[in-house]
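Working notes, structure below.
Read-outs throughout are calculated quantities, based only on the coordinates presented, and are distinct from any laboratory measurement. From a predicted model like this one, the values you see are computed outputs, not experimental measurements. In this analysis, Cβ positions are derived from the backbone assuming ideal geometry, glycine residues included, and neighbour counts consider all displayed protein chains.
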Amino acid sequence: MAERSGVTGPSVVSKYVLRVVVLAYLLFLLVLPVVLIGWKTFQHGLGPFFDALTTHEALHAFQVTFIVALWAVALNTVFGVGTAILLVRHRFPGKRILNAVIDLPLAVSPVVVGLALILVYGRFSSFGGWLEDHGIKIIFSTPGMVLATVFVALPLVVRAVVPVLEEMGDEQEQAAQTLGAGRWQTFRRITVPGIRSALAYGIVLCLARALGEYGAVAVVSGRLVGQTQTLTLYVEERFQNFEQPAAFAAATALALIAIVSLLVIKLLQRKAD
Amino acid sequence: MAIEARHINKAFGATSVLQDVSVEVPSGSLTALLGPSGGGKSTLLRVIAGLEQPDSGTVLIAGADVTRLAPQRRNVGFVFQHYAAFKHMTVFDNIAFGLQIRKRPKNEIHKRVHELLELVHLDQFAKRYPAQLSGGQRQRMALARALAVEPEVLLLDEPFGALDAQVRKELRAWLRRLHDDVHVTTVFVTHDQEEAIEVADTIVVLAGGRVEQSGSPHEVYDNPANEFVMRFLGPVTELDGRLVRPHDIELTAEPEPGSAEATVERVVRLGFEVRVEMRLGDQDAWAQVTRGLAERLRLAPGETVHVRPGPDARTLAVV
Ligand SMILES: Nc1ncnc2c1ncn2[C@@H]1O[C@H](COP(=O)(O)OP(=O)(O)OP(=O)(O)O)[C@@H](O)[C@H]1O
Ligand SMILES: [Mg+2]
């Protein structure tokens with residue numbers, strides 16, 4: 001017994017030091033700010049919180065956020081599954097390049113993404129101008145915000161699905177084919193059920209990212225209050241205008257949505273294991 | 001002919017995998033594609049099923065040219081070495097899959113699936129998932145799934161390759177009986193010559209992307225077309241510059257016409273049979289004899305015996 005404690009003594013100490021450091025780190029970085037926002041939000045009870053969230057501007061910001069997020073998730077799901085299948089099941093020249101490009105949005109600052117989109121679709125670019133002449137407005141309106149959000153959340157579904165597709169292999173799909181199933185039937189009845197959990201995981205990640213996006217959307221939306229203002233932009237705007245209760249209420253709402261998404265992700269992960 | 005593959009060529013990149021391969025599979029037969037690993041057996045089977053496109057050549061199934069036809073239109077049953085079970089479906093749904101795709105009425109599907117479950121002895125496992133089955137059970141499920149759609153031909157890629165020796169032997173005999181019952185034209189891939197000889201009524205020997213020989217097990221074993229086939233189909237030993245099967249070697253105490261003198265080096269008892277390792281001049285050879293003969297000749301290391309190919313022995317000159 002004495003021997004054992006002699007051996008484990010130093011490692012016990014280092015274990016506790018490590019714990020304290022990690023906990024303090026998380027406390028100052030994560031817990032304290034979130035708790036403070038929560039406290040600020042609810043310090044006068046639930047009433048002011050709901051009042052702040054049900055103003056016309058707040059409700060509109062919710063609406064814009066959800067419209068943009070749903071479009072972005074839908075597009076990224078379709079595109080993500082398609083790309084994942086392309087990357088795993090097909091051989092083609094330029095595959096490695098595509099594989100690398102998919103991860104680009106993780107490396108590029110969202111502000112840069114926003115600016116780049118303005119360069120392409122803005123009124124003063126030739127393509128954007130042409131679209132505008134035909135009555136299609138991208139920048140400073142919903143399509144541009146959807147594009148920006150799609151861009152920043154691009155890799156999430158692909159990267160969730162690729163490893164599962166690889167692990168699954170193509171024999172089940174081939175077996176379905178020999179049994180008479182066409183491409184679509186094989187996809188729907190064999191491939192989709194095979195990647196279901198991973199796909200759900202990717203979609204939730206994508207949704208969380210889309211709801212929380214600020215930088216790219218800030219640039220392409222033009223921040224038009226009551227028009228292109230998402231929830232994150234709303235928080236920022238209210239805060240700048242010293243309307244702290246509204247800012248904190250919306251921030252708390254965003255945080256709650258994020259926490260729910262995280263819980264869903266954890267649940268899905270457990271189910272997948 | 002149920003299947004005719006004519007002049008099939010197939011390369012993956014720069015490596016040629018099938019070279020001018022022609023194979024005929026008679027209706028109702030049980031044919032083995034036998035050959036060493038990497039010989040192109042799986043590729044040929046996949047070409048027949050449409051899972052792989054040949055670079056040139058023609059595939060006919062039941063007389064119809066299917067070379068350009070998608071796999072789902074060829075009406076073949078394919079069983080993969082690693083089962084390819086649909087993991088998210090129960091055994092019942094796995095077997096019903098092809099029938100559901102063909103939009104058969106529910107009660108017909110139900111009836112047919114239960115017939116098949118009975119045929120492959122999985123009746124009590126209908127509601128289980130593949131992960132809850134043993135390897136042999138999964139393979140029988142895969143077989144039932146392929147049979148469900150009443151395919152023109154049944155293609156099995158090393159159906160028992162992933163199973164242990166005992167289960168393999170059982171399934172082999174069972175496959176033979178199943179084929180006698182169901183009579184669907186069947187091609188199965190194996191690299192186990194014993195399995196091919198025991199189960200098949202026709203053997204096609206495929207090596208290095210070429211057909212080395214095809215014929216009944218009896219023909220390819222007794223009249224091998226070349227040294228490779230002779231070596232691949234059973235044990236051989238070299239006697240006086242010719243390949244002989246060890247059980248075709250005649251051992252005598254006294255010299256006989258055409259016999260050579262040999263020194264016994266080792267005597268190994270393998271149950272009823274005895275393996276005699278000998279030295280002939282500067283060469284090693286071995287013979288397989290009965291225990292009775294070994295005792296009569298008092299075979300022991302250091303003794304001298306006289307050996308020659310038996311009267312009915314098939315021999316092949318070593319080139
Ligand atoms: N998709 C592929 N891409 C590239 N090469 C391949 C592919 N499939 C097979 N090959 C090559 O073709 C050759 C024949 O393969 P095949 O699978 O037909 O052999 P096999 O006779 O079935 O062998 P085994 O008994 O090991 O299964 C091998 O050299 C293999 O590496
Ligand atoms: Mg193979």
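Out of residues 5 or more away from B:Thr185 or on other chains, whose amide H comes under 5 Å of its own, with H placed 1.01 Å from N in the peptide plane?
The list, which skips near neighbours in sequence, is B:Gly28, B:Leu154.
Could you tell me the center-to-center distance, by alpha carbons, between segment B:89-111 and segment B:122-158 in angstrom?
Each part reduced to its Cα centre gives a spacing of 13 Å.
Please identify every one of the trypsin sites (Lys or Arg not before Pro) in segment A:49-113 that sits in a loop by DSSP and has no more than 15 other beta carbons within 10 Å of its own beta carbon.
Qualifying residues, ordered by number: A:Arg91.
Hey, what's the per residue convex hull volume over the C-alpha atoms of segment A:154-273, in cubic angstrom?
Dividing the Cα hull volume of segment A:154-273 by its residues yields 120 Å³.
Please compute the Cα-Cα pair-distance distribution of the protein assembly as shown with 20 Å bins starting at 0, giving whole percents from short to long.
Result returned by the calculation: 15, 31, 27, 19, 7, 1.
Taking +1 at the Cβ of each Lys and Arg and -1 at the Cβ of each Asp and Glu, which of B:Ile8, B:Phe80, B:Thr43 sits farthest along the dipole of segment B:1-105 towards its positive end, judged by Cα position relative to the Cα centre?
B:Phe80
At a Förster radius of 45 Å, what calculated FRET efficiency corresponds to the Cβ-Cβ distance of A:Gln63 and B:Arg177, to the nearest 0.05?
0.05
Can you list the equivalent-ellipsoid semi-axes of segment B:201-258, largest first and in whole Å, using the square root of 5 times each Cα gyration tensor eigenvalue?
For segment B:201-258, the ellipsoid semi-axes come out as 28, 12, 8 Å.
How many angstrom separate the Cα center of segment A:181-233 from the Cα center of segment A:58-104?
7
Where does chain B land at 222 nm, in deg cm²/dmol rounded to the nearest 500, when only DSSP H runs of n ≥ 4 count, each adding -39500 (n - 2.57), divided by all residues?
-8500 deg cm²/dmol
With a cap of 15 neighbouring Cβ atoms within 10 Å, and only residues DSSP puts in a loop, list the trypsin sites (Lys or Arg not before Pro) found in segment B:63-138.
B:Arg68, B:Lys87, B:Arg102, B:Lys103, B:Lys127, B:Arg128
For chain B, give the magnitude of the charge dipole about the Cα centre (Cβ charges: +1 Lys/Arg, -1 Asp/Glu; no others), in debye to the nearest 20.
1820
Would you mind working out the magnitude of the charge dipole of the protein assembly as shown relative to its Cα centre, with +1 at each Lys and Arg C-beta and -1 at each Asp and Glu C-beta, to the nearest 20 Debye?
I would put it at about 2600 debye.
Out of the chymotrypsin sites (Phe, Trp or Tyr not before Pro) in segment A:218-273, which ones are loop residues according to DSSP with at most 11 other C-beta atoms within 10 Å?
A:Phe242
Mind running the shape call on segment B:24-75? Use the C-alpha gyration tensor, a ≥ b ≥ c as the square roots of the eigenvalues: rounded below 1.5 for a/c, prolate if a/b tops b/c, oblate otherwise.
In terms of gyration-tensor shape, oblate.
Using just the alpha carbons, could you tell me how many Å³ per residue the convex hull of segment A:46-272 encloses?
153
Find, to one decimal place in angstroms, the Kirkwood hydrodynamic radius of chain B, where the mean of 1/r is taken over every pair of different Cα atoms and then inverted.
22.0
Using only the Cα atoms, work out Rg/Rh for segment B:184-288, with Rh taken as the Kirkwood radius, to two decimals.
Result: Rg/Rh = 1.05.
Apply the Debye scattering formula to segment B:236-317, with a single equal point scatterer on each alpha-carbon and no solvent, then give log10 I(q)/I(0) at q = 0.11, 0.12, 0.26 Å⁻¹.
Per q value, in the given order, log10 I(q)/I(0) is -0.23, -0.28, -1.44.
Taking amide hydrogens as modeled 1.01 Å from N in the peptide plane, which residues meet the under 5 Å criterion relative to B:Ser22, leaving out close sequence neighbours?
Placed amide hydrogens put B:His7, B:Ile8, B:Val211 under 5 Å from B:Ser22.
From other protein chains only, count the Cβ atoms within 10 Å of every residue's Cβ in B:75-85, then give the mean.
4
I'd like the distance between the alpha-carbon centres of segment B:217-249 and segment A:138-162, rounded to an integer number of Å.
68
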